[in-house]
Amino acid sequence: MLRSSALSTLRARIAALEGTGREVVAGVVPLAVPAIDAVLPWGGLPRGCLHEIAPISADRAEAGAACGFAVAVLGRLAAAAERPVLWITRDDDPYAPGLAALGLPPQRLILVRPYKPAQVLWALEEGLRCAALAGVLAETWGIEPTAARRLQLAARASGGTALLLNRGAGAAPAMTRWRIAPAPSQAPAGEGVGAWRWQVDLLRCRGRAAAEDGRVAAWTVEWCDETRGLRVVAAAGDRSAEPRRSRRAG
Amino acid sequence: MWLPRLATDRLSRGDPAGRDRALATATAGGARRITAVNRLAEAAGVRPGVTVADALAVAPGLALAPHDPQSDRQLLERLADWCGHYTPWAAADGWGEGTGGGLWLDITGCAHLFGGEAKLLAHLHARLARLGFAARSGLADTPGAAWAWARFGDARQPILTPNGQRTALAALPVAALRLQPTTAAGLAGLGLRQIGDLYGLPRATIAARFGREVAHRLDQMLGHEAEPISPRLEPASHRMHMAFAEPIARAEDVTEAVHRLLLRLCAQLEAERLGVRRLEVRLFRVDASTQCVAIGTSRPVNDPRHLLRLLREPLAGVDAGFGIEAARLSASEVAPLALKQADMVGAAAKGAPDELALLLDSLGNRLGFDRVSRPAARQSHLPEAAVRRLPALAASAASEWPVGRRPLRLFSRPEPVEAVAMLPDAPPVLFRWGRRTHRLVRADGAERIAAEWWRRPGPDRDYYLVEDENGRRFWLYREHHYGDGVAPRWFLHGVFP
């Protein structure tokens, strides 16, 4: 008993030093998806920290889904704070008409195109220190744990929120880590492509232990054009209720 | 300021041992002639203008170096920049090639900063001597008189009394008037050897014989005709200068000094409701060179904290050398402060517009202002032309974005892919991108997008939104060729979420 309380005190101290404690200093932005917000211990995404969003592989063909989820989250951040967001990339620009359709008004967007990889993290840190932004998204190809810890501390200090769209090696000390895979859309046969769907796996979340399969929780999520928001169409437990095989036939 | 031995001093500076040797520079080519000599060579009887063979005959130990007017000129200009420490109106003198180098300093209103004209001159002389330059100076009401006195006057008394140039210069040779050698020789031929000889002569007769030149130079010298000094660097209308009692070298000290200058400059700008668009920091080092740091801002700024933060990084890269003795801040571009921000900063960043401007300036100065932008819609059917980049702080009207489903990522150049469709006008059923084959289970389309012939001619495109069996969604198009039997070409133009 004594031992476990000493351990938890120690854990709390480490968390405080790393700036990744469970207590939230800069507020919470609900994702407006009740099923997901219920799993997150804060009832939404906490501001003032680092969140990592990764595709299932670094292949360019897989980039769309993770990027889409990141845009939806960034749109929520921008709408909640009514402030601009920064997008740092060395890739092609995100395409503004596509962003508008996913709830991120392009006039809220500031694009930064560094020409060296090191400048991406520098720009991200600069952005985090700026109180006038709702959030900063940076696209990276892997990140060193030291660099990630530095960013986490910068975010903690200023209350800025960082989304790391990370296509490389991760395991950054982020508050949450998401893995996004595309999922086949649902539409009556012959009506073409339905609403965007993704398989969202929450791989890491402070204060929530991962299950045996390495995930904290998992959902199939769909972008709803009417509500201009996300909605869960299937949770991890009942994925079998929507057999992928039958959709392939469609 | 006259540096009679600029060329040889320049060479000796890089080679201190050579200072005790007779040294001369000479032109290259067939008839090599001496162009400049140092003190020892002159003592041995070598004069500029004689041939190298003659020079070596009188001074066998003479060391020769190539004549390099360009390096001399560059050195002179560097020195002129450095003299900006004494006055912003400093310039290199281009007149009289081959007779050393001259520097103009208009010290009107600046001398008191150094404790008077004599102290300023002493300071300048001591500094140049320590750097290894022989120098003579003349200080007078007009540039012409100062020029003459520096070269031909009494080196022990370089300062002429105000309005005293007429009498003081009367005994100097006519060459002191900056005349062409032929003109000076012509005057000498008439027995007019001293400047004073010209005072009493009727202007018309001199002009008839020698043209405007003589009267013009005489008027310039006496102050009847204005002769402005055009500074090498246009002094900015808003600038602050600070000289240090002791040279400073630590980066924190430099930053602190710049901070103090910024506070003064910004107070001045604030009074005039102006803001900085471009700011330059010039640091004057003790070794007679300068270091310059410049920043730009995306809108007029007069917040010292903002400007200091932008300057902090470039200042950290400054090489202080043996120390910095003065610093000058010039706002090379100023603009009226905008009273109200009608752009996105004011609208979107409630309460903290300055924070955002500061961030954008910081990013822009490091990455380039063209690399910080904002997307804006443009009237075009072509997907790649429908978005343009605006400066991040530009004001813009609300944009109309194209309707229809558009990808999240548009490739800057469409990638050719191999695709298979069952019928010529049917959606594709599979395509191959790189090494991977995607079997397509759903498709939307075709959406025909016509080429805009007034922009760039090309075939029309039939776009398809397709989804493969794993749910990946792509934007493919087929180039549409009317009639002809060529196999259609397919391109991947973007990916959907």
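We did not get these values from a lab; they are worked out from the coordinates using the rules stated. This one's a predicted model, so the numbers in the text were calculated from it and none came from an experiment. Please note: Cβ atoms are built from the backbone with ideal geometry, for glycine as well, and neighbour counts cover all protein chains shown.
Can you check what the Kirkwood hydrodynamic radius comes to for chain B, Cα pairs only, in Å to one decimal?
Result for chain B stands at 29.2 Å.
Ratio of Rg to Rh for the range B:424-464, alpha carbon only, Kirkwood?
Rg divided by Rh gives 1.10.
Can you run the Rg to Rh ratio on the range B:167-314? Use alpha carbon positions and the Kirkwood inverse-distance Rh.
1.26
When you look at the Cβ of every residue in B:442-450, what mean number of other chain Cβ atoms sits within 10 Å?
2
For the range B:217-288, what D do you get in µm² per second when you plug the Kirkwood radius from alpha-carbon pairs into Stokes-Einstein at 25 °C and 0.890 mPa s?
This corresponds to a translational diffusion coefficient of 159 µm²/s.
Find the Cα radius of gyration of chain A, compare it with 2.2 N^0.38 Å by division, and give the number to two decimals.
Compared with the compact-globule rule of thumb, chain A sits at 1.01.
Do you know the relative contact order of chain B, to the nearest whole percent, from alpha carbon pairs under 8 angstrom that are 6+ apart?
9 percent
Pop out the Kirkwood hydrodynamic radius of the range B:374-497 from its pairwise C-alpha distances, inverse of mean 1/r, in Å to one decimal.
Roughly 15.7 Å, rounded to one decimal.
How many partner chain Cβ atoms sit within 10 Å of a residue's Cβ in peptide A:149-157, on average, as a whole number?
0
Could you let me know the centre-to-centre spacing of the range B:145-170 and the range A:107-127, using Cα atoms, in angstrom?
The distance from the Cα centre of the range B:145-170 to that of the range A:107-127 comes to 61 Å.
Of B:276, B:410, B:440, which is farthest on the positive side of the dipole of the protein assembly as shown, counting Cα position, with +1 on Lys and Arg Cβ, -1 on Asp and Glu Cβ, and the Cα centre as origin?
After comparing all options, I get B:440.
Assign one of three labels to the range B:74-205, namely rounded, prolate or oblate, based on the Cα gyration tensor with a ≥ b ≥ c the square roots of its eigenvalues; rounded applies when a/c is under 1.5, prolate when it is not and a/b is larger than b/c, and oblate otherwise.
prolate
Given labels modelled 7 Å from the Cα in the Cβ direction, how far is it in nm from residue B:122 to residue B:481?
Result: 9.0 nm between the two label points.
For the range B:10-169, just list the percent of Cα-Cα distances falling in each 10 Å bin from zero outward, please.
Taking all Cα pairs of the range B:10-169, the binned fractions are 10, 34, 32, 19, 5, 0 percent.
Per-residue counts of other Cβ atoms within 10 Å, averaged by peptide: what ranking do you get for A:30-43, B:56-69, B:77-90, highest first?
In decreasing order of mean packing, A:30-43, B:56-69, B:77-90 become B:77-90, A:30-43, B:56-69.
Which of A:116, B:119 has the fewest other C-beta atoms within 10 Å, and how do the rest follow up to the most?
Least to most surrounded, the residues fall as A:116, B:119.
For peptide B:356-364, compute the average count of partner chain beta-carbon atoms within 10 Å of each residue's beta-carbon.
Neighbouring Cβ atoms belonging to other protein chains average 6 per residue here.
Just how far, in whole angstrom, is the range B:4-76 from the range B:430-497 if you go by their alpha carbon centroids?
The range B:430-497 and the range B:4-76 have Cα centres spaced 75 Å from each other.
May I ask you to sort A:146, B:8 by Cβ crowding, counting other Cβ atoms within 10 Å and putting the fewest first?
By the 10 Å Cβ count, ascending: A:146, B:8.
Give the angle, between 0 and 90 degrees and rounded to the nearest 10, that separates the Cα long axis of helix B:213-222 from the longest principal axis of the Cα atoms of chain B.
Relative to chain B, helix B:213-222 is tipped by roughly 90 degrees.
Starting at 0 and stepping by 10 Å, how many percent of the alpha carbon pairs of the range B:33-104 end up in each bin?
In whole percents, the pair-distance histogram is 19, 39, 26, 14, 2.
May I ask you to derive the FRET efficiency for residue B:452 and residue B:429 from their Cβ-Cβ distance with R0 = 35 Å, giving the value to the nearest 0.05?
In this case the efficiency is close to 0.70.
Once Lys and Arg get +1 and Asp and Glu get -1 on their Cβ, which of B:220, B:331, B:60 lies farthest toward the positive end of the dipole of chain B?
B:60
Using a 10 Å cut-off around each Cβ, can you sort A:67, A:224, A:130 from fewest to most neighbouring Cβ atoms?
A:224, A:130, A:67
Name the shape class, rounded, prolate or oblate, that the alpha-carbon gyration tensor gives for the range B:455-497, where a ≥ b ≥ c are the square roots of its eigenvalues, rounded holds for a/c under 1.5, and otherwise prolate holds if a/b is larger than b/c and oblate otherwise.
oblate
Suppose we keep just the DSSP beta bridges with both residues in the protein assembly as shown; what percent of those would be antiparallel, to 5?
Counting only bridges with both partners in the protein assembly as shown, antiparallel ones make up about 80 percent.
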